[in-house]
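The structure under discussion appears below in the form of structure tokens.
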Amino acid sequence: MEHTVERELTVPEEAQEVWRSLAEPEWLGEDAAIELREAGEVHAGERDGFVEEADAPRRLVFWWSAPAEEATRVEIDLDELDEGTRVRVTESRPLAILDGRDLAIEFGGAGGGAGPVASGAAAVPLVGASR
Amino acid sequence: MPAAHPVDAADAVFGALSDSTRRALYALLGQRGEATATDLARELPVSRQAVQKHLGTLAGAGLVATRRSGREVLYRPTPGPMSEALEWMAEVGSQWDDRLAALDRQLARGRSLSP
């Protein structure tokens, strides 16, 4: 949650047209290029990456990173509305997301058997670790 | 730029919080505001020594700070390092604001051309 950024934009164009526009990547930044196909290359400024998923004209997922920075995952979903298209962008840090899920289980799990199981499991490595 | 190595800082934070006992400890400390290792050990199924060691790991990641009060050492949570995540969100969020505005302008050029 804390390691996810979401933004959206609603435009009057149909999804197909927005999709085409994604392939003209000046919007992505200076000196940008993006191949709208699986394993296609992504390039924007000092960032490089690759396309994970390209489901025209609905969903584009790619990974990118700048030198010496962790890779992040970008999901772009195009939702066709009655009039126009909603463009939803989600950029996330996968490491943080995995950790966040884990945290949610630990802290949010008041019911179920999560509590006792978690504390029992935690006590085991402690014995070795405290030496 | 406040942090020279934001990724390292995040790694230290997530590393420290990757252990369920340390997370429980950190959450407990958050509830208490300030506590000694002995206080914390009473509430957790681990020894005081183990609590101390975990507090050391949390302190290493900058997640807790200590204060001496007489013969006691009091620990308190410092949410500071977590702000690295907030910084990231703010930066990445504003980048997407710019990119989506640019995408809108790009599409708008077609709008004015269409009949």
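Averaged over B:88-99, how many beta carbons belonging to a partner chain fall within 10 Å of each residue's beta carbon?
Across B:88-99, the average partner-chain Cβ count within 10 Å equals 5.
Per-residue Cβ counts within 10 Å, from other chains only, averaged over A:67-74: what number is that?
2
What average count of beta carbons from other chains do you get within 10 Å of the Cβ of residues in B:20-28?
Across B:20-28, the average partner-chain Cβ count within 10 Å equals 5.
Could you calculate the contour length gain from B:T66 to B:S47, that is, 0.36 nm times the residue separation minus the distance between their Cα atoms, to one decimal place in nm?
Result for the pair: 4.9 nm of gain on full extension.
Mean shadow of the stretch A:4-92, computed from the convex hull of its alpha carbons, in nm²?
The Cα convex hull of the stretch A:4-92, projected and averaged over all directions, gives 5.3 nm².
No value in this document is a laboratory result; all are computed from the given coordinates. These figures come from a predicted structure and were not determined experimentally. For neighbour counting, all protein chains shown are included, and Cβ atoms are generated from backbone atoms with ideal geometry for every residue, glycine included.
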